[in-house]
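Below: one structure, written as structure tokens.
The values are calculated or read from the model by the stated rules, or taken from the named source; none is laboratory data. Just so we're clear, the structure is a prediction, and the values are computed from it rather than from any experiment. Here the Cβ positions follow ideal geometry from the backbone for every residue, glycine too, while neighbour counts run over all protein chains shown. Just so you know, the surface numbers come from the protein's heavy atoms only, side chains and all, with ligands and any DNA or RNA stripped out. Shrake-Rupley method; radii C 1.70, N 1.55, O 1.52, S 1.80 Å.
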Amino acid sequence: MAPESLDYVPEYLSDAVKQRLLALATESPPEAAPLEVDDYLIRHWCETFEDGNPLYLDEAYAQSCGLRSVVAPPGAVMTTFSMQFRWPWPPGDREPARHIHYDVKDLLNLPVGIITAIDVENRVPLVRGDRVNVSQRLVSISPWKKTRLGEGHFWTMDRLYRNQHGQLLVRERMTAFGYGRKSDGTAASGTAASGGGWSPAVEEVIQGRQTGYRPPEYRDRFWDDVAVGEELPKLCMPITFTRCVYLASATRDFSPQHSNREYAQQRSKTKDVFVNTPFNMGMISRFMTDWAGPRSTVRRMNLAMRANVCAGDEMIITGTVTRKHVADGEHRVDLDIMISTQDGPVTPCTATLALPCRETAD
């Protein structure tokens, strides 16, 4: 990766900041995407855009065109098959390189940044089973500019997407404008760093800092050590509008009451969008296995949803062991569980969990 340079760097910056900006002009080492190209995400893309191109959906057709399998739509390379997962963070033993856009914003002390232009050049296709690797570099910074949005700098960035063989898939050249600095040189109110996730803005609106970015320290809970009447640790989850958007995608339940505020308020007569049944069940399952450990098995859940948990609510889950028994050769516990919000109980539940037993574990 040959070093590059910038034609212009703002003179008012400190020498240290100038050097960091100049370092961004050299193409970064490739960052591997967290997942391979798969059918599910290709089809999810196609259903969203109602794109029936057989190259994306019909393996026999793609192979008749000389490809080994179906390919990903070109627009999916930019985020769908290259974006890091926001949780847990960091994903692995190190924090992945963030989008260079955020580094430039920070170094120029410009809290608001918008994309103003993009030029995309597609090369070889991205095929099912491929894994994207992303490198990036800063191409240019403009002198101080005055626009209708405010005063600041434009900057241009290259992101280079390659497959696992090093073949160039896409060259993306993006221009952004940063603004929002106060007249005294300090940053206006912007998006604070969250300490986790790939996007500070996403973490702000999903309230990621409140729940943290790492799973609990799991330990096996043995049936022998459980006592009737034992209370499980309380689990809290802020339900934001953004989390409801996430749950719609994760559960593939796009019923509008879960992701469309106007529909929820006017048709469902709720104060906002609200979580769906799979989300409630997922949170109950997590509540139990956080306590019992990964060797436990959820055998039964019974939920009576008497009120909704809406965007803006705090989901609060509590539970107690009510019975220990043996059934079908398993050591099991029954639990009474309650989903509440800050306003009180909304969903009483009962559940059964199978736990490892010391006798059978030995």
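Cross-link list 105/145; 105/182; 234/324; 234/271; 145/182: which exceed 18 angstrom alpha carbon to alpha carbon? Spell out each step's value before the answer.
Numbers: 105/145 15 Å; 105/182 14 Å; 234/324 21 Å; 234/271 25 Å; 145/182 15 Å.
Cα-Cα > 18 Å for 234/324; 234/271; rest within.
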Please find, in a Gaussian network model of the chain (springs between Cα atoms separated by less than 10 Å), the residue of 196, 166, 329 whose mean-square fluctuation is greatest.
-> 329
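Give, rounded to the nearest 20 debye, the magnitude of the charge dipole that region 256-360 has about its Cα centre when Lys and Arg contribute +1 at Cβ and Asp and Glu contribute -1 at Cβ. If you can, show how the numbers build up before the last one.
On the way: 13 positive and 11 negative charges, 38 e Å.
It comes to approximately 180 debye.
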Take the Cα atoms of the chain, find their three principal axes, and give me the spread along each one in whole Å, biggest first.
-> 73, 61, 50
Name the long-range amide H neighbours of residue 346: under 5 Å, sequence gap of 5 or more, or other chain; modelled H, no Pro or chain starts.
-> 339, 340, 341
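Counting Lys +1, Arg +1, Asp -1, Glu -1, what net charge surrounds residue 165 among other residues with beta carbon under 13 Å of its beta carbon?
Working: positive: 68, 123, 131, 162; negative: 130.
Its environment carries a net charge of +3.
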Can you give the accessible area of residue 246, probe radius 1.4 Å, in Å² rounded to 10?
-> 90
Please list, in chain and number order, the residues 5+ apart from residue 126 or on another chain whose amide H is under 5 Å from its amide H, with Hs placed from the backbone.
-> 72
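Grab the beta carbon distance between residue 266 and residue 5, set R0 = 51 Å, and tell me the FRET efficiency rounded to 0.05. If you can, show how the numbers build up before the last one.
Values: r = 56 Å, r/R0 = 1.11.
Calculated value: 0.35.
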Can you give the charge dipole size of the chain about its Cα centre, rounded to the nearest 20 debye, using +1 on the beta carbon of Lys and Arg and -1 on the beta carbon of Asp and Glu?
-> 560
C-alpha long axis of helix 39-49 to longest principal axis of the chain, angle in ° | 70
Heavy-atom accessible area of the chain with neighbours in place, 1.4 angstrom probe: carbon+sulfur share in percent works out to 50
Cα-derived Rg to Rh of region 209-362, Kirkwood definition = 1.02
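I'd like the FRET efficiency for residue 359 and residue 234, computed as 1/(1 + (r/R0)^6) with the beta carbon distance as r and R0 of 35 Å, rounded to 0.05.
0.65
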Using 1/(1 + (r/R0)^6) with R0 = 25 angstrom and r between the beta carbons of residue 19 and residue 116, what's the FRET efficiency to the nearest 0.05?
-> 0.40
Helix 277-292 sits at what angle to the longest principal axis of the chain, using alpha carbons and giving 0 to 90 degrees rounded to 10?
-> 70
Relative pair counts by distance (%), Cα atoms of region 54-106, 5 Å bins = 4, 16, 15, 15, 15, 9, 11, 10, 4, 1
If you average the sequence gap of Cα pairs under 8 Å that are 6 or more apart and divide by the length of the chain, what percent do you get for the contact order?
-> 13
Does anything in region 90-125 have its amide N under 13 Å from the 7 Å Cα→Cβ label point of residue 79, and if so which residues?
-> 115
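Hand me the chymotrypsin sites (Phe, Trp or Tyr not before Pro) from region 56-98 located in a DSSP loop with no more than 13 other Cβ atoms within 10 Å, in residue order please. Could the numbers behind the result be given before it?
Values: sites: 56, 61, 81, 85; in loops: 81, 85.
Passing both the DSSP loop test and the Cβ count: 85.
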Once amide H atoms are placed 1.01 Å from N in the peptide plane, what residues at a sequence separation of 5 or more from residue 253, or on another chain, have their amide H within under 5 Å of its amide H?
-> none
Cα point-scatterer Debye curve for region 7-100, base-10 log of I(q)/I(0) at q = 0.14 Å⁻¹ = -0.73
How big is the C-alpha Rg of region 140-283 next to the rule-of-thumb value 2.2 N^0.38 Å, as a ratio?
-> 1.55
Roughly how tilted is helix 241-251, in degrees to the nearest 10 and between 0 and 90, from the longest Cα axis of the chain?
-> 70
Relative contact order (%) - criterion: Cα under 8 Å, at least six apart; region: region 1-138 = 39
Ellipticity estimate at 222 nm from DSSP helix runs (n ≥ 4, -39,500 (n - 2.57)) divided over the chain, nearest 500 | -6500 deg cm²/dmol
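With a cut-off of at most 12 other beta carbons within 10 Å, and DSSP calling the residue loop, which chymotrypsin sites (Phe, Trp or Tyr not before Pro) in region 142-177 qualify? Please list them. Intermediate results must be reported in sequence, preceding the final value.
Details: sites: 144, 154, 155, 161, 177; in loops: 144.
Sites meeting the loop and neighbour criteria: 144.
Could you tell me the ratio Rg/Rh of region 232-320? Both radii from Cα atoms, Rh via Kirkwood.
Values: Rg = 13.8 Å, Rh = 13.8 Å.
That ratio is 1.00, to two decimals.
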